[in-house]
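K.L.:
Once you've had a glance at the structure underneath, I'll fire off some questions.
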């Protein structure tokens with residue numbers, strides 16, 4: 001494969017998986033950059049590359065009326081092809097072969113561009129079976145260039161008809177010298193792994209969008225055979241939007257399976273309470289409303305009955321003392337082994353015995369851990385290799401962590417860099433709460449802008465910890481923290497719409513399921 005070239009004049013760094021790109025598309029929509037505009041930009045970029053190939057003498061004919069064929073699927077990759085065809089129709093003889101019927105086009109954006117294309121003077125054909133396609137062999141082989149807009153990142157499983165025959169026709173033409181420009185990913189190539197689904201288009205040039213997909217650069221022999229020359233086209237996504245948490249981040253969490261059983265969707269252990277009973281209860285309810293199947297609260301005996309009295313949905317394990325003490329550590333460790341994630345800190349207080357117990361607990365606790373509030377008193381950093389820790393402090397709570405001396409800066413950009421460096425140094429994911437939440441795993445950084453001033457009311461941080469725990473039980477740490485920050489803030493915004501500055505932490509909890517339903521996580 002040739003060195004990554006540029007279709008837009010703007011270098012794009014790094015890679016992005018197909019699911020991350022889908023999440024980014026959704027976030028762009030949330031922040032006002034529509035999928036329709038992104039499709040327009042993508043198709044225009046493809047059209048520019050087609051012109052460069054044909055006018056540069058790499059295609060047959062090369063004149064203004066050179067014949068260009070677009071093979072289009074019924075999803076958004078086909079929509080990109082429709083846009084490219086429209087941009088090329090003024091100067092070329094464009095023929096669009098839709099694999100299937102127009103009534104089967106799956107997205108609003110692609111349907112709209114198909115309708116516009118109908119008025120653009122292009123020759124359009126709807127092809128439903130392979131026999132119709134085989135009759136087009138000579139037409140395809142005589143083209144100046146071919147645009148592959150069948151699958152893109154949407155490839156799933158074995159390729160069926162009529163798409164399989166279309167790929168064969170394109171590859172035969174490619175062998176005869178007709179250049180093929182693939183839209184985003186050559187059809188048949190897995191965008192993330194580089195594996196081939198039985199058949200794959202052998203592209204001359206692949207125009208991918210925003211950033212390269214990992215599969216395009218996975219193996220040199222695959223790239224040389226199928227990708228051809230890789231070009232990265234900007235489609236107008238600002239770096240600032242890429243850093244923002246949004247509803248797309250919810251789609252990156254593991255999906256609930258229809259045939260799942262109790263406990264499959266997260267078992268969360270909450271360790272909290274003693275001086276306070278409300279904080280661990282809020283965290284527990286938040287975890288349940290965020291989708292956890294099973295939530296257990298391990299609480300000192302002074303508050304265990306009170307917590308249990310709030311709801312029969314809570315499982316409460318009574319500890320030995322009126323506060324969390326070292327004698328309780330073995331019981332908590334045993335409970336942790338039966339749960340996917342342990343959330344520690346809410347309402348534990350700052351008694352010296354509790355701080356000692358926390359230090360002992362963290363020295364022995366392994367696996368997925370979320371630390372909030374009073375849990376910071378006993379947290380030893382950097383985290384051990386056997387620990388996968390998310391911490392959820394606000395700026396003032398950093399002072400509770402024994403090994404932290406530096407105060408987080410107030411400026412958002414400076415704070416983002418502080419959080420990134422801190423997370424990398426200590427081997428944790430940090431979700432620093434604030435007017436703008438900052439989330440980092442030491443490499444990636446995300447900012448969350450949902451939430452409002454009404455959420456300064458007590459308990460909303462406990463709610464966030466519970467949501468983080470629920471999401472972390474079924475997903476990796478960074479994705480869980482980003483999605484939780486967005487959901488907690490969006491639930492707070494929904495509560496504010498009804499209650500204003502009189503909102504309570506329980507109002508935020510009540511709105512968590514509404515946010516999840518609104519943004520498509522069921």
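The values are calculated or read from the model by the stated rules, or taken from the named source; none is laboratory data. This one's a predicted model, so the numbers in the text were calculated from it and none came from an experiment. All Cβ positions, glycine included, derive from the backbone under ideal geometry; neighbour counts span all protein chains shown.
K.L.:
Hey, could you check the stretch 26-48 for residues that are within 19 Å of residue 93 (Cα to Cα) and surrounded by fewer than 22 Cβ atoms within 10 Å (Cβ to Cβ) and say which is farthest from the chain's Cα centre (by Cα)?
P.N.:
48
K.L.:
Looking only at the stretch 321-339, filter to residues that are part of a helix (DSSP H, G or I) and out of contact with any strand residue (DSSP E or B) (no Cβ under 6 Å at 6 or more places or on another chain); which one of those is surrounded by the most Cβ atoms within 10 Å (Cβ to Cβ)?
P.N.:
328
K.L.:
Now for a separate question. Quickly run through the stretch 384-411 and pick out the residues that are at pLDDT 95 or above and either part of a helix (DSSP H, G or I) or within 25 Å of the chain's Cα centre (by Cα) (or both).
P.N.:
Selection gives 387, 388, 389, 390, 391, 392, 393.
K.L.:
Report the residue count in the stretch 113-137 for those that are under 12 Å from residue 74 (Cα atoms) and either touching a helix residue (DSSP H, G or I) at 6+ places or on another chain (Cβ under 7 Å) or crowded, with 18+ Cβ neighbours inside 10 Å (or both).
P.N.:
Residues meeting the conditions: 4.
K.L.:
Mind counting the residues in the stretch 434-479 that are in a strand (DSSP E or B) and touching a residue at least 40 places away in the same chain (Cβ under 8 Å)?
P.N.:
Result for the stretch 434-479: 6.
K.L.:
Condition test on residue 489, is it assigned by TED's automatic domain parsing to the domain that holds residue 367, over 20 Å from residue 267 (Cα atoms), out of contact with any helix residue (DSSP H, G or I) (no Cβ under 6 Å at 6 or more places or on another chain) and buried (at least 20 other Cβ atoms within 10 Å of the Cβ)?
P.N.:
For residue 489, the condition - assigned by TED's automatic domain parsing to the domain that holds residue 367, over 20 Å from residue 267 (Cα atoms), out of contact with any helix residue (DSSP H, G or I) (no Cβ under 6 Å at 6 or more places or on another chain) and buried (at least 20 other Cβ atoms within 10 Å of the Cβ) - is met.
K.L.:
Please enumerate the residues belonging to the stretch 170-219 that are over 25 Å from the mean Cα position of the chain (by Cα) and over 17 Å from residue 150 (Cα atoms).
P.N.:
Result: 175, 176, 177, 178.
K.L.:
When you scan the stretch 333-353, how many residues do you find that are farther than 21 Å from residue 474 by Cα and either more than 33 Å from the chain's Cα centre (by Cα) or outside the structural domain of residue 301 (by TED's automatic domain parsing) (or both)?
P.N.:
Residues flagged as farther than 21 Å from residue 474 by Cα and either more than 33 Å from the chain's Cα centre (by Cα) or outside the structural domain of residue 301 (by TED's automatic domain parsing) (or both) within the stretch 333-353 amount to 6.
K.L.:
If we scan the stretch 507-520, do we find a residue that is closer than 17 Å to residue 394 by Cα and either assigned to a helix (DSSP H, G or I) or in contact (Cβ under 8 Å) with a residue 12 or more places away in the chain (or both)?
P.N.:
Checked the stretch 507-520: no residue is closer than 17 Å to residue 394 by Cα and either assigned to a helix (DSSP H, G or I) or in contact (Cβ under 8 Å) with a residue 12 or more places away in the chain (or both).
K.L.:
Could you please find all residues in the stretch 272-296 being buried (at least 24 other Cβ atoms within 10 Å of the Cβ) and over 23 Å from residue 457 (Cα atoms)?
P.N.:
292, 295
K.L.:
Restricting attention to the stretch 174-203, report how many residues are surrounded by fewer than 24 Cβ atoms within 10 Å (Cβ to Cβ) and either not in a loop (DSSP other than H, G, I, E, B) or not assigned by TED's automatic domain parsing to the domain that holds residue 66 (or both).
P.N.:
Residues flagged as surrounded by fewer than 24 Cβ atoms within 10 Å (Cβ to Cβ) and either not in a loop (DSSP other than H, G, I, E, B) or not assigned by TED's automatic domain parsing to the domain that holds residue 66 (or both) within the stretch 174-203 amount to 3.
K.L.:
Also, quick follow-up: For residue 381, state whether it is assigned to a helix (DSSP H, G or I) and closer than 28 Å to residue 330 by Cα.
P.N.:
In short, no.
K.L.:
Working only within the stretch 287-302, note down all residues that are in contact with a strand residue (DSSP E or B) (Cβ under 9 Å, 6 or more places away or on another chain) and over 20 Å from residue 488 (Cα atoms).
P.N.:
Residues satisfying the conditions are 296, 297, 298, 299, 300, 301.
Let's see how each residue does on (1) within 25 Å of residue 192 (Cα to Cα); (2) out of contact with any strand residue (DSSP E or B) (no Cβ under 6 Å at 6 or more places or on another chain); (3) not in a strand (DSSP E or B):
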position	(1), (2), (3)
85	no, no, yes
124	no, no, no
132	no, yes, yes
148	yes, no, no
159	yes, yes, yes
164	yes, yes, yes
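K.L.:
Kindly indicate which of 313, 356 is in a loop (DSSP other than H, G, I, E, B) and either touching a helix residue (DSSP H, G or I) at 6+ places or on another chain (Cβ under 6 Å) or in the same structural domain as residue 428 (by TED's automatic domain parsing) (or both).
P.N.:
Of the residues listed, the single one that is in a loop (DSSP other than H, G, I, E, B) and either touching a helix residue (DSSP H, G or I) at 6+ places or on another chain (Cβ under 6 Å) or in the same structural domain as residue 428 (by TED's automatic domain parsing) (or both) is 313.
K.L.:
What do you reckon, is residue 406 more than 29 Å from residue 340 (Cα to Cα), in contact (Cβ under 8 Å) with a residue 12 or more places away in the chain and surrounded by fewer than 19 Cβ atoms within 10 Å (Cβ to Cβ)?
P.N.:
Yes, satisfied.
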